[in-house]
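I have placed the structure first, in the form of C-alpha cells, so that the comments after it can refer back to it.
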Amino acid sequence: MKKEDLVVKYKGKDRFLLNGSLIEAQDCLENLEEIKNLHVKRFEIEERMKDKSSDMLALDKEWTENQFSLQDAWKFKRNKNFHRFWRIPSCKCPRMDNEDNYPYGRYAITSACGIHWPSFVEERKEENEDV
C-alpha cells in the first residue's frame with residue numbers, strides 16, 4: 001500500500017493521512033475507499049457546523065452516526081466513548097477535561113455549547129420518558 005493511497009483529500013487538499021499499519025492490523029483494506037469517503041463526509045458535516053444558523057441537533061446526530069460508521073468500516077466495536085466531539089468546530093465543551101477522560105467517558109458538556117448541549121438535553125428527556 002502506497003502512502004498516497006492513504007491520503008484523504010477534501011476540496012482538493014490533503015487533509016488527513018490514514019494509518020496504514022492499523023488498516024493492516026484491522027484487516028480492513030477492502031474498506032479503504034469507504035473510510036476515506038466517511039472522513040470527507042465528516043469534514044463536510046463539521047464545515048456546516050461552523051454556520052451557527054444550522055440545526056445543530058441534527059448535525060450532531062449526523063456527526064455521531066458518521067463516527068459510528070467509521071468504527072464499523074475500521075472493524076472496531078461501536079463505542080461512543082471514542083468520539084472526540086469536543087474537537088468539532090464551534091464546540092464550547094471543555095477540551096482539556098475531555099481529553100483527560102478520553103476514552104473512558106464521563107465527558108464534560110457545557111450549557112454554553114450550542115452543538116452538544118441540545119443533544120445532552122434531548123438525551124436526558126428521552127431517559128426520563130423511559131422511566
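The values are calculated or read from the model by the stated rules, or taken from the named source; none is laboratory data. Values in this document were obtained by computation on a predicted structure and should not be read as measured data. Cβ placement follows ideal geometry from the backbone for every residue including glycine, while neighbour counts extend to all protein chains displayed.
Of the residues making up segment 44-59, those that are without any contact (Cβ under 8 Å) to a residue 12 or more places away in the chain and not charged (D, E, K, R) are SER53, SER54, ALA58. Under 15 Å from HIS116 (Cβ atoms) and either at pLDDT 95 or above or surrounded by fewer than 13 Cβ atoms within 10 Å (Cβ to Cβ) (or both), is that true of ARG78? No.
For segment 110-131, give me each residue that is closer than 19 Å to GLU65 by Cα and in contact (Cβ under 8 Å) with a residue 12 or more places away in the chain. Passing the criteria: GLY114, ILE115, HIS116, PRO118, SER119, GLU122.
Tell me whether segment 103-126 contains one or more residues that are under 16 Å from the mean Cα position of the chain (by Cα) and at positive phi. Scanning segment 103-126 turns up at least one residue that is under 16 Å from the mean Cα position of the chain (by Cα) and at positive phi. In this structure, is ARG95 under 27 Å from GLU44 (Cβ atoms), modelled with pLDDT of 85 or more, surrounded by 13 or more Cβ atoms within 10 Å (Cβ to Cβ) and basic (Lys, Arg)? In short, yes.
Set side by side, the residues ALA112, ALA25, ALA108 differ, and just one is of a type in the set (Gly, Ala, Ser), touching a Lys or Arg at 6+ places or on another chain (Cβ under 7 Å) and surrounded by fewer than 16 Cβ atoms within 10 Å (Cβ to Cβ), which is ALA112.
Every residue, every condition in (1) of a type outside the set (A, V, I, L, M, F, W, C); (2) touching a Ser or Thr at 6+ places or on another chain (Cβ under 6 Å); (3) touching a residue at least 40 places away in the same chain (Cβ under 8 Å); (4) under 18 Å from LYS50 (Cα atoms), yes or no:
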site	(1), (2), (3), (4)
ASN66	yes, no, no, yes
SER69	yes, no, no, no
TRP74	no, no, yes, no
ASN79	yes, no, no, no
ARG87	yes, no, no, yes
GLU99	yes, no, no, no
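Selection of segment 26-75 for residues being at pLDDT 95 or above, among the basic types (Lys, Arg) and part of a helix (DSSP H, G or I) yields LYS36, LYS41, ARG42. Looking at segment 16-33 only, could you name the residues that are polar (S, T, N, Q) and without any contact (Cβ under 8 Å) to a residue 12 or more places away in the chain? If the condition is that a residue be polar (S, T, N, Q) and without any contact (Cβ under 8 Å) to a residue 12 or more places away in the chain, then SER21 is the only one that fits. Only one of the numbered conditions (1) surrounded by 16 or more Cβ atoms within 10 Å (Cβ to Cβ); (2) more than 13 Å from the chain's Cα centre (by Cα); (3) under 16 Å from CYS113 (Cβ atoms) is violated by ALA58, and that is (1).
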